[in-house]
1. What ranking of MET77, MET465 comes out by heavy-atom accessible area, probe 1.4 Å, highest first?
2. In Å², what does the accessible area per residue of the chain work out to with a 1.4 Å probe?
3. Apply 1/(1 + (r/R0)^6) to the Cβ-Cβ distance of HIS412 and ASP236, taking R0 = 35 Å, and write down the FRET efficiency to the nearest 0.05.
4. Just subtract the alpha-carbon distance of ARG164 and GLN348 from 0.36 nm times their residue separation and send over the number in nm, one decimal.
5. Could you work out what % of the accessible surface of the range 464-532 is carbon and sulfur, using a 1.4 angstrom probe and leaving DNA, RNA and ligands out of the count?
6. Can you give me the orientation-averaged projected area of the convex hull built on the Cα atoms of the chain, in nm²?
7. Once label points are set 7 Å from the Cα along Cα→Cβ at both GLU139 and ASP250, what is their separation, rounded to one decimal in nm?
8. Pick out, in residue order, every one of the GluC sites (Glu not before Pro) in the range 288-381 that is DSSP loop and has at most 16 other C-beta atoms within 10 Å; say none if there are none.
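The values are calculated or read from the model by the stated rules, or taken from the named source; none is laboratory data. Bear in mind that the values here come from a model prediction, so they are computed numbers and not experimental data. For neighbour counting, all protein chains shown are included, and Cβ atoms are generated from backbone atoms with ideal geometry for every residue, glycine included. Only protein heavy atoms, including side chains, enter the accessible area calculation; ligands, DNA and RNA are left aside. Shrake-Rupley method; radii C 1.70, N 1.55, O 1.52, S 1.80 Å.
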Amino acid sequence: MSSSRRQLLWRGAGLAVWTGARRLLGADQLVPMHAMKVQPAPIKRGLYAAGLPRFVDALPIPSIAKPEASGKYRIAMREIETQVHRDLKPTRCWSYGTTVPGPTFEVRSGKSVDIEWKNELPAKHFLPIDHSLCGAGKEVPEVRTVVHVHGARVPPQSDGYPERWFPPGKSRVVHYPNQQEAAGLWYHDHAMGIERLNQYAGLFGAYLIRDEHEDALGLPRAPYEVPLFIFDRIFDVDGQLQYPTSGMDDSPWISEMYGDAILVNGKLAPDLEVEPRAYRFRVFNSSNARFLLLSLSDGTAFQQIGSDQGLLPAPVPLKAFSLAPAERADVLIDFSPLAGKELVLMNQAFQLMRFRVKAAPVAVKWQPPAKLREVPRIPRSASVKTRTLGLDEYEDPATHAMFMLLDKKRWHDPVSEKPVLGSTEIWELVNYTGDVHPIHLHLVRFQILERQKFDIDGYRFEKKMQLIGDPFPPELGEVGWKDTVQAQPEMVTRIIVHFEGYAGRYVWHCHVLEHAANEMMRPFEVLPAKTR
Ligand code: C2O
Ligand code: CU
């Protein structure tokens, strides 16, 4: 779409006419809006933009979760205070331990674990709840939690279905089979209607699955393997978290939360002293809505060795890579030619953290293996069904209430995606909006087939679907197994999914948490394979 037309459709900050009447409407009464946004009302921003000194705090490394007995963990969610910068007062957060991110789980493929998740949070939320959103009504306890291990192949009762939340004072024991290959997963809150607030408060951490294949590659291990959680926030002048609102009491929801402060492992612009050797960084984008474009200030390349669901077939040298919310990259940085130097990890022009390379003793040269792991491509012919699923923004013509929908359906509409266990399907995600939507499917790993442009104006004004040009293959860093895919604007993104693991009810959704909260989340149901 031309930018002039986009301007015409843009409602921008002037949109002040929408009410909390969402629940009364059916999707057929809604009209697609496109590029409509609910912007936050101005809030008093914090000190960070005004200039705090950078690189004065050491990069924190989350502790490793300790089992109480073999394979048995007990994790409490609590309100904590943590210092995000040397010169700021402690910040109130919610955590699965004593830090944000919470402790890192280190588990072995094929060895199950049980985790008791205990909700010991206060009864009142400290961030602004929008009670008009689905599942966040005043009739349910204000604070609710349910934990989802993002990327885990688990039975439905272990998956953290958004409506299976539990309130403060309650706990739940959850079984994780870990029947999958080595991968950098992460756990986070998924409670219906307030997931974006709970994650913003700090409820997430790493869940690393290891296997023998990965062990045999001789990749750098701790302390040379470091998780990096990158996430943006807004702090007020007292160093406290602010979550912006629309300014309307009955519907404070905003389309996306973007902060002016970006933290790495819970610190603003931290510093890491490294040895002149190769390091392995497990990079997680745990922002609510912010997409990252990461590079190193001196032009040093990363070697990407893995993505969401494990190792790539071969290392990919990259000067920069993007990460949507919930996507992960497993990258190596070789500091051996950089003894005595400093370099900065950048998000576009923004300085995220500094690496200070020691001058001594001796640089350790090392190259990753040329082959990492076989990732057999799933042939298109394996697919028994192609589903065409739209991603769009809608407005109710009467109330101007806005929704973001998958396949024109709302959360409570009947389940429409019912793949059979053991079958393979192609899902075509047709993005009618001007935004990238990172689409995540629970339970499964999938492969990206391709992306293809289509004529958005033809669709909008004549209701015709016209594909344009040849499809684009996935990016080099996207050729491994994925669980979250960037559905690009005005494109069809095709993924091929083998539904293996378990039958039952799961969800798929956009991982921009504000979108997911306003209906861009749907259940799907894996049907048991017919036996005869
Ligand atoms: Cu990362 Cu449904 O979640
Ligand atoms: Cu989205």
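1. MET465, MET77
2. 38
3. My answer for the efficiency is 0.45.
4. Here the answer is 62.4 nm.
5. Carbon and sulfur together cover 56 percent of it.
6. Average projection, Cα convex hull of the chain: 25.3 nm².
7. Rounded to a tenth, the inter-label distance reads 1.9 nm.
8. Answer in residue order: GLU374.
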